[in-house]
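Participant: One structure follows; several queries about it will come next.
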Amino acid sequence: MTRTEEFLTELDEGMLQYFREIADELVGRFGMSRAEAVARINAAYEGADIEPYPDLMCHEEPDCWAYGLYFLPKDGRSPHSGSVGDLEEWETRPAPPRDSHVWTLAE
């Protein structure tokens, strides 16, 4: 388990790839920069105890976590790719402040 300069969580190689897939989903689905995607992941998971691949979080596809990182929950639920209709009814989660240490990649 190592910590990369990209993510602020210790990850094995399999989980590092999984976290990168979550970032890919954030970039591809929501049009944000890679730097913002990684910052959102870091803000949510910094210091988390992530097991080697496949960690329990792998029971969901990366897009599930991406939706939760981008949208605020409503009635205890977050949208996901298989059950959402109109995403405009969901409030987006603000990105971490730009001066936060969770921004590990340059824009």
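The values are calculated or read from the model by the stated rules, or taken from the named source; none is laboratory data. The model shown is predicted, which means the values in this text are computed figures rather than measured ones. Here Cβ is always computed from backbone atoms with ideal geometry, including for glycine, and neighbour counts include all displayed protein chains. The protein model used for the area step is the full one, side chains on, heavy atoms only, and it has no ligands, DNA or RNA in it. Shrake-Rupley method; radii C 1.70, N 1.55, O 1.52, S 1.80 Å.
Participant: Kindly indicate whether residue 3 is over 19 Å from residue 93 (Cβ atoms), basic (Lys, Arg) and open to solvent by 70 Å² or more (accessible area, probe 1.4 Å).
Facilitator: So residue 3 fits the description; yes.
Participant: Next up: Filter region 1-36 down to the residues that are out of contact with any Lys or Arg (no Cβ under 6 Å at 6 or more places or on another chain) and of a type in the set (A, V, I, L, M) and list them by number.
Facilitator: 1, 8, 11, 15, 16, 22, 23, 26, 32, 35
Participant: Is it the case that some residue within region 39-46 is farther than 16 Å from residue 11 by Cα and surrounded by fewer than 16 Cβ atoms within 10 Å (Cβ to Cβ)?
Facilitator: The answer is no, given that none of the residues of region 39-46 is farther than 16 Å from residue 11 by Cα and surrounded by fewer than 16 Cβ atoms within 10 Å (Cβ to Cβ).
Participant: Still on this structure: How many residues are surrounded by 11 or more Cβ atoms within 10 Å (Cβ to Cβ) and over 16 Å from residue 32 (Cα atoms) when one looks only at region 88-102?
Facilitator: So the answer is 3.
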